[in-house]
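Remarks on the structure that follows.
The values are calculated or read from the model by the stated rules, or taken from the named source; none is laboratory data. Please read all numbers here as calculations on a predicted model, not as lab measurements. FYI the Cβ positions are ideal-geometry reconstructions off the backbone, even for glycines, and counts take in every protein chain you see. Just so you know, the surface numbers come from the protein's heavy atoms only, side chains and all, with ligands and any DNA or RNA stripped out. Shrake-Rupley method; radii C 1.70, N 1.55, O 1.52, S 1.80 Å.
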Amino acid sequence: MLDPDWPARHTHPPSNLPPENLPASRIANSAPKHRATFDSGRPPHETPIKSRGSSVLLSPLHPQPATGRPQFEPAATMAAAEQDALLRLRQAIAAQQAFIPSATADAGAAEVPLSQASHLQFPDQAVSLAIDLATRFISNDSPVDLRSIYFAWLNRELAIPEYNASATTLNEQLAAAGSAGKVHNLGFIERLDLITWLEGASEESEYIKPVSGDAADAAAVVPDAAAGAATSVTQTRAGKGSLDPRLASIYDGERKMGDRNSVLRGIKPTDFSHVRKLALPFIQKKPSTSIGSNPSLSINPKGPTRRPDPIILLSPSASSLLRMSNARSFLEDGKFVPPDAGASTASMLHVQRTIRAIDPNRPMRFILVEGSEQFKPEYWNRIVAVFTTGQAWQFKNYKWSNPDDLFKHTLGIYIGWRGEQAPDVVRNWGHRVVSAGVDRWRGEGQDASRFRDKEVVETLWKAIEANMRAKGWKKDAAPISI
């Protein structure tokens, strides 16, 4: 509203009156006297802009630079924002505009499969971008090309296995077409972050590198003039320009609202690299279970109170009635099943048995293996029994390859069918080889006929116990030499 005394003082204001002699509005006259002023006496946020004999008083809601000229983005910055592939794609998705792969950069080019495309067309924007253009999305410290971004958006609804299969198929098609391009297979978290940003559900992404300079602000500028003032305010709130103190106090009292992404993911990226270092020992590939790598086979790994586990050698022969697949069932449960009924690829087994003559309070753990290829020299002092079929080739890699020498140091066990005599070679090895027979297998459901299996097992364990006691096994120590 104009000053009420205006008609009395200026009934006919001359046309050549200097702009600075025109009266200011009530807003200017009612400004507090203690506010900082320029030479003209006006507060800095009400500096008039002089234009052809008139003055326009700027509102605090539209802050401008001290020069009095409206603030516009440089042409170079606008060009950088317009050429940004990610922003182009996001704007097209927000406006529900089409974008299609094409074989040429010509406007109106027909859509082709992604494996044959060289450009990505934005028909509504009359823009064509190279399909292998590097974007600001960073994965494994390298930029991801536009082809991979478009592919991720195209297959955003697919589950991880289907997405990986589609990426592999597209790479094979690109290779068949002679293209050097390749789809970057994004991880699940990277895909989720990218899709969330492209949909506009999130304004930040830890994988997207910021636009250089002020291009990020220029990307927010829309062509129509009605949105220009809002963009200027947004830039001011982001710290890109001067902000009126009164407006800043209003913004400080605002309650910032968040969506599910800002609440769950936070407002800034968090570095979890230290967690990865802590978890690395737990997620590393588990070493294969073997004699050489198993700590239970080493002599006294935890001090003098740690008793090493005794070792039982099984026959690797295919004709042996006791193999890795049925040894535990036989020695622990006292039930014999055919060795091929539960074929096992394990190279080592553990069975437990209480040896009352050595340690009546806790069971001992026995290690069962078929071969000695990975044996250390000290392991041979822990051998308590060797199961054999009578074939001498079994002892070829043993410390004592001669059967007569072997069974002077440890106990030998032969298992055959009940009613059949042991081979002559086994009987010739003497009393150090115990022979036992089990009933023939009659099939499933005949458990009632297997009651004598436990008698055989108890006989074998008594022989093993007697051999261990004779060799010097104690409650907390293994024999130094057998």
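Are any of the pairs Lys277/Lys399; Lys408/Lys454; Lys277/Lys474; Lys182/Lys256; Lys256/Lys277; Lys454/Lys475 more than 32 Å apart by Cα-Cα distance, and if so, which?
Lys277/Lys399; Lys277/Lys474; Lys182/Lys256; Lys256/Lys277
What is the set of long-range amide H partners of Thr135 at a cut-off below 5 Å, with H atoms built 1.01 Å from backbone N?
The answer is Val144, Asp145, Leu146.
Per q in 0.20, 0.21, 0.23 Å⁻¹, report the Debye log10 I(q)/I(0) for the range 85-199, using one uniform scatterer on each alpha carbon and no solvent.
These q points yield log10 I(q)/I(0) values of -1.15, -1.27, -1.48.
Among residues other than Pro308 whose Cβ falls under 9 Å from its Cβ, what is the net charge (Lys/Arg +1, Asp/Glu -1)?
Net charge in that neighbourhood comes out at +1.
So what is the relative contact order of the range 85-199, in percent, for Cα pairs below 8 Å that sit 6 or more residues apart?
Relative CO of the range 85-199 lands at 22 percent.
Whenever you get a sec, compute what percent of the accessible area on the range 311-471 sits on carbon and sulfur atoms (1.4 Å probe).
Numbers: 3640 of 8020 Å².
Answer for the range 311-471 is 45 percent, counting heavy atoms of protein chains only.
What does the accessible area per residue of the range 78-139 come to in Å², with a 1.4 Å probe and no ligands, DNA or RNA counted? Walk me through the numbers before you get to the answer.
Working: 2870 Å² over 62 residues.
In whole numbers, the range 78-139 has 46 Å² accessible per residue.
When a/c is below 1.5 the answer is rounded, else prolate if a/b is larger than b/c, else oblate, so apply that to the range 311-471 with a ≥ b ≥ c taken from the square roots of the Cα gyration tensor eigenvalues.
rounded
Glu455 to Lys474: extension gain in nm, 0.36 nm per residue of separation minus the Cα-Cα distance?
Values: separation 19, 0.36 × 19 = 6.84 nm, distance 2.62 nm.
So the chain would gain 4.2 nm between Glu455 and Lys474.
At 7 Å along Cα-to-Cβ for each site, give me the label-to-label distance between Phe188 and Lys399 in nm.
So the label points at Phe188 and Lys399 sit 5.0 nm apart.
For the range 139-144, what does the Karplus curve 6.51 cos²θ - 1.76 cosθ + 1.60, with θ = phi - 60°, yield as ³J(HN,Hα) per residue in whole Hz, taken in order and with x for Gly and Pro?
9, 6, 6, 9, x, 9
Quick check: from the Cα gyration tensor, does the range 308-379 come out rounded (a/c under 1.5), prolate or oblate? The partial results should precede the final answer.
Working: a/c = 2.60, a/b = 1.25, b/c = 2.07.
Note, shape of the range 308-379 comes out oblate.
Fully extended, how many nm does the chain gain between Arg156 and Ser435 (0.36 nm per residue separation, minus their Cα-Cα distance)?
93.7 nm
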